[in-house]
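Coordinate-derived values only; no laboratory data. This is a predicted model, so every value here is computed, not measured. Backbone-built Cβ (ideal geometry, glycine too); neighbour counts: all protein chains shown.
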Amino acid sequence: MSDRFRAVLNELGYGKEYTLYSFRHTITIDIYINLIKSGLTEREAIFKLIEMTGHKIEFALRKYLRDIGAIVPKSFDSWTILNF
């Protein structure tokens, strides 16, 4: 599969920095965002993705999603009283 994927990327003009693994990250982020936009809660989306990604536990999938930038912590700026 990697050879086929590389051939497609070469044909499209993409460099070596694009890999099958990075494509997997991109698709996972896209699916997660679309599940949330479709009205699922974060937890419902996580459980849908568990089936797709092969993660065994919710904690591991949440960590993976944070690591690849799909889940971004909420801002706590409104909690502060300091103005700079």
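Which of the residues belonging to region 49-65 are exposed (fewer than 15 other Cβ atoms within 10 Å of the Cβ) and either outside any loop (DSSP other than H, G, I, E, B) or of a type in the set (D, E, K, R) (or both)?
Correct list: E51, M52, K56, E58, F59, A60, K63.
Among the residues of region 12-43, write down those that are surrounded by 10 or more Cβ atoms within 10 Å (Cβ to Cβ) and acidic (D, E).
Within region 12-43, D30, E42 qualify.
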